[in-house]
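Engineer: Here it is: the structure, laid out below.
The values are calculated or read from the model by the stated rules, or taken from the named source; none is laboratory data. Predicted model, so just to flag it, every value in this text is computed and none were measured. Virtual Cβ from ideal backbone geometry, glycine too; neighbours counted across all protein chains shown. Ligands, DNA and RNA are excluded from the accessible area calculation, which covers all protein heavy atoms including side chains. Shrake-Rupley method; radii C 1.70, N 1.55, O 1.52, S 1.80 Å.
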Amino acid sequence: MQSIEAMNAAIAKQVEAERQQYKPAPDTRQEKENNSFLRFPGHIIKGAAGNFADVLSDCMEPPRHFFFIAYLTCLGAVIADKVKLKSELWIQSRLFAVILGESADDRKSTAINKTVDFFINALTTFAVCFGVGSAEGLQRRFQKDTNLLLVYDELKAFVGKAKVDGSVLLPCVCTLFESNRYESHTKDKEIILTSAFLSILAASTIETYERTWDSAFQDIGMTNRLFIVPGQGKRLHAIPGRVPYQEWDLMKNDLRKILNSASITPELDITPAAKALYENWYLNLERSVHTKRLDTYALRFMILLALNSEKLEIDESIVQDVIDLMNWQLQARRLHDPIDADSAIAKIEEKIRRVLKAAPRTEYEIKRAVHYSRIGAWAFSNAIRNLTNSKEISFDKQANRWGLKI
């Protein structure tokens, strides 16, 4: 009869054999990101943010690029007022990033919470706010910190607050995407924000993201201010392991190196070859509702990816990584368009053509014909602009009418 020790040893050997059999291969985390229709450009996941993503995704289930973009969003919030591109424009590294995935399975909030906790523990000056209900509340929060990361476990919470009657939270946040100032004065309330550097990191289910918006958000351009990060998680760890303490120390040291580099390099120049590469992409970028502000995000990611790779200038490799990332973002926007914007506008354009085939019309007559009250100002204005830019229609000032160009 076998001894207890021998039986335990045999069981342990069997368990280890089974564990090795089902242990993910070294490239599994890349595969779990690439099995979906939309593949994140995994080759750009490198540097300090890439190491952070590798370490965390080794023992946790969110896709690797969730951690990568969350890290860059937090980093961008920290250095927003410290580093800029060498340009007349003050291009800041702030992001409005939204992690998209299915409820629970893709571990969106896990990626956000672990990344934010890391920055809180690593830095004494990292300012984060876990939700505001109004522009007045945001103003009070900015009185404490000028650089602020606004975190939402569910983006729908922000959308709900922005829809409240009389709220100016939506125009305030939209303005702060590119500006650091916002003012709103009424009889009873006054909001004055100066030197306000706002970043956003939020999570949302795909279904909620695609259905939660209304025309007010589209008209003001909120959705094209968001950098969406869709991805699929995969069940790998019933009980996630711990990240070794020495790994946390190494990652904190990597972050300090980035911040030290940022402190001595307040301006990043771009090499001539890199500039030519970016200009070629920029000048050939298609005109679409989905490409709006992609160039803005491209410039912001240039700063982040350069510092993340400990580079003191933006070279061709950084620009190529940024272009690959922006092309991926364009696909993501098309795939998860909350209103199928391009198709909707194309339909309105065709309606306008048909209306004008009969005879020139005033703008009021065109609006009535295409049911302006249902489609909204944003869609109508985009359709008119697209037809004008393509020289299909023109406006006769004397007759005050639109007509088809023959």
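Engineer: Give me, ordered by chain and number, the residues 5 or more places off L268 or on other chains with an amide H under 5 Å from its own placed amide H.
Structural biologist: For L268, whose amide H was placed from the backbone, the distant partners under 5 Å are K84, L85, K86.
Engineer: Among F301, Y245, W378, whose Cα sits farthest toward the positive end of the charge dipole of the chain (+1 at Cβ of Lys/Arg, -1 at Cβ of Asp/Glu, about the Cα centre)?
Structural biologist: Projecting each Cα onto the dipole axis, the largest value belongs to W378.
Engineer: Which ³J(HN,Hα) values, rounded to whole Hz and listed in residue order, are derived for the range 139-147 from phi using the Karplus coefficients 6.51, -1.76 and 1.60 in 6.51 cos²θ - 1.76 cosθ + 1.60 with θ = phi - 60°, glycine and proline given as x?
Structural biologist: 4, 5, 5, 6, 5, 8, 9, 7, 9
Engineer: Once you have the alpha carbon radius of gyration of the range 274-335, what is it after dividing by 2.2 N^0.38 Å, with N set to its residue count?
Structural biologist: In units of the globular-protein estimate, the range 274-335 measures up at 1.10.
Engineer: Oh, and also: How much net charge surrounds E310 when only other residues with a Cβ under 11 Å from its Cβ are counted (Lys, Arg +1; Asp, Glu -1)?
Structural biologist: Within the 11 Å Cβ shell, the charges total +2.
Engineer: Using unit Cβ charges (K, R positive; D, E negative) and no other charged atoms, how large, in debye to the nearest 20, is the dipole of the range 254-326 about its Cα centre?
Structural biologist: That gives the range 254-326 a dipole magnitude of about 320 debye.
Engineer: List, in order, the whole-Hz ³J(HN,Hα) value for each residue of the range 217-224 obtained from phi through the Karplus relation with A = 6.51, B = -1.76, C = 1.60 and θ = phi - 60°; use x for Gly and Pro.
Structural biologist: Result, ordered by residue: 6, 5, 4, 8, x, 5, 5, 7 Hz.
Engineer: Which lysines, if any, have their Cα less than 29 Å from the Cα of K357, not counting same-chain residues under 8 positions apart?
Structural biologist: K347, K367, K391, K397, K405
Engineer: Would you please name the trypsin sites (Lys or Arg not before Pro) within the range 154-245 that are DSSP coil residues with at most 13 other C-beta atoms within 10 Å of their C-beta?
Structural biologist: Passing both the DSSP loop test and the Cβ count: R181, K187, K189, R235, R242.
Engineer: What number comes out for the charge environment of E267, summing +1 per Lys or Arg and -1 per Asp or Glu over other residues with Cβ under 9 Å away?
Structural biologist: +1
Engineer: Hey, any idea what % of the range 202-301's accessible area is carbon plus sulfur with a 1.4 Å probe?
Structural biologist: Of the solvent-accessible surface of the range 202-301, carbon and sulfur hold 50 percent.
Engineer: How big is the C-alpha Rg of the chain next to the rule-of-thumb value 2.2 N^0.38 Å, as a ratio?
Structural biologist: Values: Rg = 24.8 Å, N = 406, 2.2 N^0.38 = 21.6 Å.
In units of the globular-protein estimate, the chain measures up at 1.15.
Engineer: State in Å² the accessible area per residue of the range 290-406; use a 1.4 Å probe, count heavy atoms of protein chains only, and round to the nearest integer.
Structural biologist: For the range 290-406, the solvent-accessible area averages 51 Å² per residue.
Engineer: Still on this structure, please answer the following. When the Karplus curve 6.51 cos²θ - 1.76 cosθ + 1.60 is applied with θ = phi - 60°, which whole-Hz ³J(HN,Hα) does each residue of the range 149-165 get, with x for Gly and Pro?
Structural biologist: 9, 9, 10, 10, 5, 9, 4, 4, 5, 5, 4, x, 5, 5, 8, 4, 4
Engineer: Under Stokes-Einstein, with the Kirkwood radius over Cα pairs standing in for Rh, what whole-number D in µm²/s applies to the range 84-235 at 10 °C and 1.306 mPa s?
Structural biologist: D = 97 µm²/s.
Engineer: Oh, and also: Using a Cα-Cα cut-off of under 29 Å, which lysines could be cross-linked to K187, ignoring same-chain neighbours fewer than 8 residues away?
Structural biologist: Partners within reach: K144, K161, K163.
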